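Structure first, commentary second.
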Amino acid sequence: MTSTPPSLPASGPSASGSLTIDLGALARNWRAAHEASGTARASAVIKADGYGLGAVEVARTLAEAGCRDFFVALPSEGVAVRSVAPDAAIYVLNGPMAGHVDAMADAGLIPVLNGPEQLALWALAGDRHGRPLAASVMLDTGMNRLGFDEAALDALAPDALHGIDLRLVLSHLACADDPSADMNIVQRARFNRMRSRLPDVEASLCNSAGIFLGPDYHYELTRPGVCLYGGSPFIAEPAPFHHVVTVGAEVVQLRQVPAGETIGYGATFTAASDMRTATIAAGYADGIFRAAGNRGFAAINGVRVPYVGRVSMDLVVLDVTALPDGAIRPGDQAEVLGPTISVDDLAQASGTIGYEVLTSLGSRYERRYIAADFSQF
């Protein structure tokens with residue numbers, strides 16, 4: 001007789017830790033970006049599953065906050081967002097993709113046309129659907145990544161946009177996080193010159209950081225992204241926004257480590273004196289980058305405690321010597337991200353940016369959403 005093995009819940013005790021998303025803080029950050037956009041309206045960039053936080057929940061909240069324009073990267077993301085934002089303008093940054101064109105048209109998605117091939121593909125889709133389909137055009141003003149450069153724009157036939165319902169012309173700033181960069185001025189001048197060759201429609205140039213370059217960069221639509229999720233859009237400056245994400249990891253074990261002993265893979269840390277450590281149940285499989293070993297910090301009861309040794313796949317060791325005896329026990333949670341340890345703190349320790357931290361948070365956390373209370377706005 002065979003027995004059925006016991007099953008574990010998908011979250012709770014089997015989770016590596018907790019990931020809490022404050023949707024009220026998210027909505028406040030969008031409204032702050034909208035106000036900073038002056039006479040322009042703010043959209044919301046929610047690609048990569050809402051920067052890893054759940055695009056559907058993010059879009060639902062921001063639509064209720066007043067957002068009417070969303071940017072995603074892929075058609076599948078746009079279809080998911082359409083389910084909770086039926087009246088929104090949803091732009092697909094990577095453009096129409098073969099095999100997804102008709103589904104995009106049926107969902108009312110607006111592709112960003114990044115070159116002549118995509119323009120032709122979308123125009124043909126319009127012919128099949130018997131109507132001009134809404135689209136936007138990306139102008140390459142210096143990123144050299146996607147979009148029409150000046151030569152490609154000049155090469156367009158006079159009737160190239162026939163059958164296209166052009167809604168928006170946009171470009172993307174390469175150095176907006178550095179307000180002193182001359183590249184910002186160069187790109188704005190190119191953008192003005194290039195868009196004058198297209199029909200007079202709404203324009204969009206700036207991302208989160210670009211909003212703070214001033215009204216000359218705002219045009220009709222701004223595209224805040226990382227600032228909505230509590231990350232800083234600036235180089236080496238703290239984020240002037242509410243923190244949205246709190247990540248906690250359970251303390252698995254407390255240890256006494258004698259002077260001279262080493263900690264972790266590669267023995268990269270040696271205790272200079274007797275110390276107390278706490279090992280937490282999260283690692284690089286959960287978005288704590290291996291590069292943060294011996295550089296990062298967690299927090300316990302609001303006190304920052306350093307990582308010691310390398311970050312493992314599932315574990316990080318913390319130096320808790322500075323905490324009073326009894327301040328922490330196995331089963332308690334350490335703050336990996338939150339009010340004490342910002343997204344940008346972890347990014348700096350990892351040699352990366354807040355965008356990568358947010359989009360790398362693993363699937364093993366128990367997720368919890370704190371609903372926005374719009375009566376308090």
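Starting from the coordinates of the alpha-carbon atoms of segment 159-266, obtain the Kirkwood hydrodynamic radius over all distinct pairs and give the value in Å to one decimal.
When all Cα pairs of segment 159-266 are included, the Kirkwood radius is 17.7 Å.
In terms of the Cα gyration tensor, with a ≥ b ≥ c the square roots of its eigenvalues, is segment 103-166 rounded because a/c is under 1.5, prolate because a/b exceeds b/c, or oblate?
Oblate, because a/c is 1.5 or more while a/b does not exceed b/c.
Residue by residue, what Karplus-based ³J(HN,Hα) values in Hz, rounded to whole numbers, does segment 344-358 have, using 6.51, -1.76 and 1.60 with θ = phi - 60° and x for Gly and Pro?
With coefficients 6.51, -1.76 and 1.60, one gets 6, 4, 5, 4, 5, 5, 9, x, 9, 10, x, 3, 5, 4, 4 Hz.
Considering only DSSP beta bridges whose two residues both sit in the chain, what percent are antiparallel, to the nearest 5?
Given both bridge residues lie in the chain, the antiparallel proportion sits at roughly 50 percent.
Ser363 accessible area, nearest 10 Å², 1.4 Å probe?
Here the accessible area works out near 110 Å².
Report Rg(Cα)/(2.2 N^0.38 Å) for segment 1-145, keeping two decimals.
This ratio for segment 1-145 stands at 1.33.
Take each of the peptides 147-159, 243-255, average the number of other beta-carbon atoms within 10 Å over its residues, and list them starting from the highest.
Sorting 147-159, 243-255 by mean packing, highest first, produces 243-255, 147-159.
Relative to the longest principal axis of the chain, what angle (0 to 90°, nearest 10) does the C-alpha long axis of helix 182-195 take?
That works out to roughly 30 degrees.
So, with a 1.4 angstrom probe, what is the percent of accessible area on segment 13-162 that is carbon and sulfur?
Of all accessible area on segment 13-162, carbon and sulfur atoms account for 54 percent.
Students often check this: by mean Cβ neighbours within 10 Å, which of 186-193, 62-69 ranks highest, and how do the rest follow?
62-69, 186-193
Taking θ = phi - 60°, what integer Hz values does the Karplus form 6.51 cos²θ - 1.76 cosθ + 1.60 yield along segment 97-105, in sequence order, with x for Gly and Pro?
Values, residue by residue: 10, 3, x, 10, 4, 5, 5, 5, 5 Hz.
Just to confirm the number: angle between the C-alpha axis of helix 116-129 and the first principal axis of the chain, 0 to 90 degrees, nearest 10?
For helix 116-129, the angle is close to 70 degrees.
Farthest toward the dipole's positive end in segment 6-154, which of Val92, Thr39, Ile21, given Cβ charges of +1 (Lys, Arg) and -1 (Asp, Glu) about the Cα centre?
Value computed over the given set: Ile21.
Relative to the first principal axis of the alpha-carbon coordinates of the chain, what is the inclination of helix 55-65, with its axis defined by its Cα atoms, in degrees from 0 to 90 and to the nearest 10?
70 degrees
What FRET efficiency do you get for Glu220 and Arg367 if R0 is 30 Å and r is their Cβ-Cβ distance, rounded to the nearest 0.05?
Efficiency, from the Cβ-Cβ distance: 0.30.
Working with all protein chains in place, sort Met138, Met194 by solvent-accessible area computed with a 1.4 Å probe, largest first.
I get Met138, Met194, largest accessible area first.
Have a look at Ala189, Ile211, His242 and report the one farthest towards the positive end of the charge dipole of segment 158-282, computed about the Cα centre with Cβ charges (Lys/Arg +1, Asp/Glu -1).
Checking the options against the dipole of segment 158-282, the answer is Ala189.
Starting from the Cα of Ala151, step 7 Å toward the Cβ, then list every residue of segment 158-196 with an amide N under 18 Å from that point.
From segment 158-196, the list is 194.
If you average 1/r over every pair of different alpha-carbon atoms in segment 297-342 and take one over that average, what Kirkwood value in Å do you get?
Kirkwood hydrodynamic radius for segment 297-342: 11.2 Å.
If a paramagnetic tag sat 7 Å from the Cα of Ser273 along the Cα-Cβ line, which residues of segment 317-346 would have the backbone N under 15 Å from that point?
Counting only backbone N, you get 320-324.
What's log10 of I(q)/I(0) for the chain at q = 0.10, 0.11 Å⁻¹, Debye sum over Cα points only, no solvent?
Once normalised to I(0) and log-transformed, intensities are -0.72, -0.83.
For segment 222-377, what is Rg from Cα atoms divided by 2.2 N^0.38 Å, rounded to two decimals?
Normalised by 2.2 N^0.38 Å, the Cα Rg of segment 222-377 equals 1.09.
Of the residues Val305, Val317, Val201, which exhibits the maximal mean-square fluctuation in a Gaussian network model of the chain defined by a 10 Å Cα contact cut-off?
Of Val305, Val317, Val201, the most mobile in the Gaussian network model is Val201.
Once you order the gyration tensor axes a ≥ b ≥ c over the Cα atoms, which shape class does segment 272-354 get: rounded for a/c under 1.5, otherwise prolate or oblate by comparing a/b with b/c?
Verdict is prolate for segment 272-354.
Calculate the dipole size of segment 51-167 relative to its Cα centre from +1 charges on Lys and Arg beta carbons and -1 charges on Asp and Glu beta carbons; express the result in debye to the nearest 20.
Once rounded to the nearest 20, the dipole reads 300 debye.
When the helix-only estimate is applied to the chain (DSSP H runs of n ≥ 4, each -39,500 (n - 2.57), divided by the residue count), what is the mean residue ellipticity at 222 nm, nearest 500 deg cm²/dmol?
Calculated from helices alone, the mean residue ellipticity at 222 nm is -7000 deg cm²/dmol.
Report relative contact order for the chain in percent, whole number only (criteria: Cα-Cα under 8 Å, sequence separation at least 6).
Computed over the chain, the figure is 19 percent.
Residues of segment 80-238: accessible area per residue at 1.4 Å, in Å²?
That works out to 43 Å² for each residue.
Leaving out ligands, DNA and RNA, and with a 1.4 Å probe, what % of the accessible surface on segment 169-281 is carbon or sulfur?
C and S atoms contribute 51 percent here.
What are the extents of the Cα atoms of segment 112-213 along their three principal axes, listed from largest to smallest and rounded to whole Å?
Extents along the principal axes: 48, 25, 23 Å.
List the residues, sorted by chain then number, that are 5 or more residues from Asp149 or on another chain and whose placed amide H is less than 5 Å from its amide H.
Asp140
Farthest toward the dipole's positive end in segment 242-377, which of Ala327, Pro306, Tyr284, given Cβ charges of +1 (Lys, Arg) and -1 (Asp, Glu) about the Cα centre?
With unit charges placed on the Cβ atoms, the residue in question is Tyr284.
Assign unit charges at the C-beta atoms only (+1 for Lys and Arg, -1 for Asp and Glu), then state the dipole size of the chain relative to its Cα centre in Debye, rounded to the nearest 20.
Charge dipole, the chain, about its Cα centre: 260 debye, nearest 20.
So, R0 is 22 Å and r is the distance between the beta-carbons of Ala181 and Thr352; what FRET efficiency does that work out to, to 0.05?
With a Förster radius of 22 Å, E is 0.60.
Per 0.36 nm of contour for each residue apart, how much would the distance between Val252 and Ala285 grow if the chain were fully extended, relative to their Cα-Cα spacing?
10.2 nm
Can you compute the charge dipole magnitude of segment 94-158 about its Cα centre, using +1 on each Lys and Arg Cβ and -1 on each Asp and Glu Cβ, nothing else charged? Give it in debye, rounded to the nearest 20.
200 debye
Which whole-number percent is the relative contact order of segment 225-275 (Cα, under 8 Å, 6+ apart)?
RCO, segment 225-275: 23 percent.
The values are calculated or read from the model by the stated rules, or taken from the named source; none is laboratory data. Bear in mind that the values here come from a model prediction, so they are computed numbers and not experimental data. When we count neighbours, we look across all protein chains shown, and the Cβ atoms used for this are built from the backbone with ideal geometry, even at glycine. These accessible areas exclude ligands, DNA and RNA; they are computed on the full protein's heavy atoms, side chains included. Shrake-Rupley method; radii C 1.70, N 1.55, O 1.52, S 1.80 Å.
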